[in-house]
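The values are calculated or read from the model by the stated rules, or taken from the named source; none is laboratory data. All values derive from a computational prediction rather than experimental measurement. Neighbour counts run over all protein chains shown; Cβ positions are idealised from the backbone, glycine included. These accessible areas exclude ligands, DNA and RNA; they are computed on the full protein's heavy atoms, side chains included. Shrake-Rupley method; radii C 1.70, N 1.55, O 1.52, S 1.80 Å.
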Amino acid sequence: GYADRAASVATPGGTGAIRQALELIKLSAPDATVWLSNPTWPNHPSIIKYLGMKMAEYRYFDAATRGVDFDGLMADLANVKAGDAVLLHGCCHNPTGANLNMDQWAQVVGLLAARGAVPSVDLAYPGFGAGFEEDAAATRLVAAKFPEVLIAASCSKNFGIYRERTGILIALTS
């Protein structure tokens, strides 16, 4: 199980969890680059810039096919350095809605593990894609394959308490 390697903290929504994850990355690895999908949720780069962190992008969306540019994504992520943080959308990619399939997830996980990356998963919409279990599958795969993972989750939408701004940051360590 994950309980023996997890520490968590309640946050003001998923955005608060993202902010806390980035603060933790900055404190523990100040020279790390944070990799973001292109495009990504506008708050991701805004928080990174505010914190004065290094940032890079990896290709994600292919406008012609309206799907994931998987070849571009893999080519760009091959440039990740050991200790860099890679922000991944656990499901329901925001803003594109284009998602990796589980075979593609396995390839991304293999590449990032080989590069020595630290994944940070933004899990904003569990239960709003293919179903809760299906939407959690990629995050569970990431959690199982890395010694260190940060998971920023929104609980506001899927618990039906959006106005309460409820989130959680989970840090998994070895």
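In this structure, does Ser174 turn out to be under 20 Å from Ile18 (Cα atoms), in contact (Cβ under 8 Å) with a residue 40 or more places away in the chain and either open to solvent by less than 20 Å² (accessible area, probe 1.4 Å) or out of contact with any strand residue (DSSP E or B) (no Cβ under 8 Å at 6 or more places or on another chain) (or both)?
Values: under 20 Å from Ile18 (Cα atoms): no; in contact (Cβ under 8 Å) with a residue 40 or more places away in the chain: yes; either open to solvent by less than 20 Å² (accessible area, probe 1.4 Å) or out of contact with any strand residue (DSSP E or B) (no Cβ under 8 Å at 6 or more places or on another chain) (or both): yes.
So Ser174 does not fit the description; no.
Listed conditions (1) among the hydroxyl-bearing types (Ser, Thr, Tyr); (2) within 14 Å of the chain's Cα centre (by Cα); (3) not in a loop (DSSP other than H, G, I, E, B) are all met by Tyr125, apart from (3). Of the residues making up segment 106-122, those that are part of a strand (DSSP E or B) and within 13 Å of Thr33 (Cβ to Cβ) are Val118, Ser120.
Filtering segment 100-112 for residues that are farther than 24 Å from Phe132 by Cα and in contact with a helix residue (DSSP H, G or I) (Cβ under 7 Å, 6 or more places away or on another chain) leaves a non-empty set.
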